[in-house]
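The values are calculated or read from the model by the stated rules, or taken from the named source; none is laboratory data. None of the values given here were measured: they were computed from a predicted structure. Cβ sites come from the backbone with ideal geometry, for glycine too, and all protein chains shown count toward neighbours.
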Amino acid sequence: FPYYSDIQDDKVKISESDLKAKYDEIKARFKQPVESRDIKFVDIEVQASNADRAALNKEFAGYHSQLAAAADPTEVVRKSASTVAYLGIPVSKDAFPRDIAAQLDSMAVGSTSAVKANAGDNTLNIVKLVAKQELPDSVQYRVIQVAANSVAEAKTKADSIQGAIAGGADFEAIAKKYGQTGDKAWMTTKQYEYAQSMDKDNKTFINTLNTAAVNSLNQLQLGQGYVVLQVLDRKAMVSKYTAAVIKKPIDFSQGTYRTAYNKFSSFVSANPKSEDL
């Protein structure tokens, strides 16, 4: 028998009936357990109109004035519904979107950038650099938590604990008297810099860890209790930034969407067949 590759293509004649007969013979092979459909669709991208952009630019002009004047930008950022949270603590560049991170080193502390559009993510942006500091990326510490029936009583206990340790008492031994281990722990920047919100107590704790001297004893009031905190080691000094960012998408208004929807609906009504689309 000749190999099929030896037969010239123009010598092979296959009719529609041949194809149909072969398909009917083996069509069970093509059966799919899940029903499928071939579909066609039209995708319409709705974009912000000139009026939408003008309204957003006016909104951002207001944000710029408020940010520049604010000693604490927390409320300005919150009310703006920015997609970037403001924690009010120093974080690394990694915590910011790339377009924002690229601006930080060229800004003076206390300055507010101009309103800038970023085509990459279709947003308008403002950033205020509140502070820039060289701080450790990793901090080793240990704590003793002090609780009592009143804040005043907790303060008295914390003073006593701090005084005893400063006088040479063993940290872990005192911690065990209060039902704690006093174990050493490490905190890194990445453990907190991506948080979407942070309360006052956590800010106080983190700021103290970032700035306290090695072996120093620090007493912090957290809620109704106190903490005696000792920093033991600081590693990998890096630049950290406290920056308030307002980033919002350049979005279309409801009016613009309705106009686009009505226009498309009219087009579909006038072209009911798929081949007309």
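Among the residues of segment 225-232, are any surrounded by fewer than 16 Cβ atoms within 10 Å (Cβ to Cβ), out of contact with any Lys or Arg (no Cβ under 7 Å at 6 or more places or on another chain) and farther than 30 Å from SER49 by Cα?
Residues of segment 225-232 surrounded by fewer than 16 Cβ atoms within 10 Å (Cβ to Cβ): 232.
Add one more test, that the residue is out of contact with any Lys or Arg (no Cβ under 7 Å at 6 or more places or on another chain), and what stays is none.
Within segment 225-232 (the criterion being surrounded by fewer than 16 Cβ atoms within 10 Å (Cβ to Cβ), out of contact with any Lys or Arg (no Cβ under 7 Å at 6 or more places or on another chain) and farther than 30 Å from SER49 by Cα), the answer is no, since none of the residues qualifies.
With respect to SER17, is the statement that it is surrounded by fewer than 10 Cβ atoms within 10 Å (Cβ to Cβ) and assigned to a helix (DSSP H, G or I) true?
yes
Condition first: on the phi < 0 side of the Ramachandran plot, touching a Leu at 6+ places or on another chain (Cβ under 7 Å) and assigned to a loop (DSSP other than H, G, I, E, B). Can you find one or more residues in segment 47-59 that meet it?
Restricting attention to segment 47-59, the residues satisfying the condition of being on the phi < 0 side of the Ramachandran plot are 47-59.
From what's left, touching a Leu at 6+ places or on another chain (Cβ under 7 Å): 56.
From the residues that got through so far, the ones that are assigned to a loop (DSSP other than H, G, I, E, B) too are none.
The answer is no, given that none of the residues of segment 47-59 is on the phi < 0 side of the Ramachandran plot, touching a Leu at 6+ places or on another chain (Cβ under 7 Å) and assigned to a loop (DSSP other than H, G, I, E, B).
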Checked segment 80-116 for anything in contact with a His (Cβ under 9 Å, 6 or more places away or on another chain) and farther than 16 Å from ILE246 by Cβ; matches are none
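Could you please give the count of residues in segment 176-186 that are in a loop (DSSP other than H, G, I, E, B) and in contact (Cβ under 8 Å) with a residue 24 or more places away in the chain?
Taking segment 176-186 and keeping what is in a loop (DSSP other than H, G, I, E, B), we get 178-184.
This time we only want the ones that are in contact (Cβ under 8 Å) with a residue 24 or more places away in the chain, so: 178, 180, 182-184.
Final tally of qualifying residues: 5.
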List, please: which pairs have Cβ atoms under 6 Å, are six or more places apart or on different chains, and start with a residue in segment 246-270 that is of a type in the set (Phe, Trp, Tyr) and end with one that is in a loop (DSSP other than H, G, I, E, B) and surrounded by 12 or more Cβ atoms within 10 Å (Cβ to Cβ)?
PHE252/VAL46; PHE252/ALA48; TYR257/VAL46
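SER239: in contact (Cβ under 8 Å) with a residue 60 or more places away in the chain, among the small types (Gly, Ala, Ser) and part of a strand (DSSP E or B), yes or no?
Working: in contact (Cβ under 8 Å) with a residue 60 or more places away in the chain: yes; among the small types (Gly, Ala, Ser): yes; part of a strand (DSSP E or B): yes.
Yes; evaluated as a whole, the condition is true for this residue.
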So which of GLU193, GLU134 is closer than 30 Å to VAL109 by Cα, acidic (Asp, Glu) and surrounded by 14 or more Cβ atoms within 10 Å (Cβ to Cβ)?
GLU193
Pairs where the first residue, in segment 150-165, is within 10 Å of TYR226 (Cα to Cα) and the second is surrounded by 14 or more Cβ atoms within 10 Å (Cβ to Cβ) and of a type in the set (Phe, Trp, Tyr), C-beta under 7 Å, 6+ apart:
ALA154/TYR226; LYS155/TYR226; ALA158/TYR226
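Assess whether THR259 counts as being farther than 30 Å from PHE60 by Cα and either out of contact with any helix residue (DSSP H, G or I) (no Cβ under 6 Å at 6 or more places or on another chain) or among the small types (Gly, Ala, Ser) (or both). Before you say what the answer is, go through the steps one by one.
On the way: farther than 30 Å from PHE60 by Cα: no; either out of contact with any helix residue (DSSP H, G or I) (no Cβ under 6 Å at 6 or more places or on another chain) or among the small types (Gly, Ala, Ser) (or both): yes.
Here the answer is no, as THR259 does not meet what is asked.
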Under 7 Å between Cβ atoms, at least 6 apart or on separate chains: pull out the pairs that start in segment 115-130 with a residue that is assigned by TED's automatic domain parsing to the domain that holds ILE89 and in a strand (DSSP E or B) and end on any residue that is polar (S, T, N, Q) and surrounded by fewer than 19 Cβ atoms within 10 Å (Cβ to Cβ).
ASN125/ASN118; VAL127/GLN103; LEU129/SER111
Name the single residue that is farthest from LEU129 (Cα to Cα) among those in segment 28-50 being exposed (fewer than 10 other Cβ atoms within 10 Å of the Cβ) and either of a type in the set (S, T, N, Q) or in contact with a strand residue (DSSP E or B) (Cβ under 7 Å, 6 or more places away or on another chain) (or both).
GLN32
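Here's a check for you: in segment 132-186, which residue that is aromatic (Phe, Trp, Tyr) and under 32 Å from the mean Cα position of the chain (by Cα) is farthest from VAL214 (Cα to Cα)? Give the steps one after another, and end with the answer.
We begin by selecting, within segment 132-186, every residue aromatic (Phe, Trp, Tyr); these are 141, 171, 178, 186.
Pick out the ones that are also under 32 Å from the mean Cα position of the chain (by Cα) and you get 141, 186.
Working: TYR141: 9, TRP186: 13 Å.
Step by step, filter segment 132-186, then rank; the result is TRP186.
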I need a count of the residues in segment 187-222 that are within 23 Å of the chain's Cα centre (by Cα) and part of a strand (DSSP E or B).
2
Exactly one condition in (1) surrounded by 10 or more Cβ atoms within 10 Å (Cβ to Cβ); (2) free of Cβ contacts under 8 Å to residues at least 40 places away in the same chain is false for ARG53; which is it?
(2)
